[in-house]
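The values are calculated or read from the model by the stated rules, or taken from the named source; none is laboratory data. Remember, predicted model here, so these are calculated numbers, not experimental data. Cβ placement follows ideal geometry from the backbone for every residue including glycine, while neighbour counts extend to all protein chains displayed.
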């Protein structure tokens, strides 16, 4: 992605007075049909779409779910994630709310670190090496989000992170014989690390990273310093 496209403003949408996150899916963005078949590839036997287009349906050899693009149409799912936009935000370090690159003035001022905000898990802070499907967020969007979005008003935590390392994907893993979905874990999606044989049997829906050199912070302190 070019430097110009990284900072290019993206159209912002509001719903009931709230700014809709860039990664949030809209009701008009439907999961697209695709017949799942067994395929034999370079890395072994796995799954694929019967009408597969490898340059669109796969990333790093992993099959991804198909979901239409209709951002701004219908009703948004504020805490949800559109597979493609989540992957774009995580891969290119885009703010999950406004969609702009988080490599900016704050990134430099924070010692080349990105800000992450997440729902608090029983009050626990974001930890070193934590696995996450969250993308970073810019400071203005972070301060707006924690006051505006119901799923964050219940509790949130913030941290500055030096780097996010690709770990794997989260999605639906299918039984190798029946091609039926395996029972989902408590967290909702199967998480499969890079290089695991289960990659070949998984329909990815989220990019997963691990966070490193994590420093918990208070947003009020970042705002005051800015």
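Below, the figures for the structure above:
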item: When residues of region 124-140 are limited to those that are free of Cβ contacts under 8 Å to residues at least 60 places away in the same chain and outside any loop (DSSP other than H, G, I, E, B), the one surrounded by the fewest Cβ atoms within 10 Å (Cβ to Cβ); result: 124
item: Pick from region 45-97, criterion on the phi > 0 side of the Ramachandran plot and in contact with a strand residue (DSSP E or B) (Cβ under 8 Å, 6 or more places away or on another chain), ranking: surrounded by the most Cβ atoms within 10 Å (Cβ to Cβ); result: 93
item: Residue in region 60-76 that is within 14 Å of the chain's Cα centre (by Cα), in a loop (DSSP other than H, G, I, E, B) and modelled with pLDDT of 95 or more present; result: yes
item: Test: residue in region 98-110 that is touching a strand residue (DSSP E or B) at 6+ places or on another chain (Cβ under 7 Å), without any contact (Cβ under 8 Å) to a residue 24 or more places away in the chain and either closer than 18 Å to residue 143 by Cβ or part of a loop (DSSP other than H, G, I, E, B) (or both); result: yes
item: Any hit, region 22-34, residues being surrounded by 12 or more Cβ atoms within 10 Å (Cβ to Cβ), in contact with a strand residue (DSSP E or B) (Cβ under 8 Å, 6 or more places away or on another chain) and under 27 Å from residue 213 (Cα atoms); result: yes
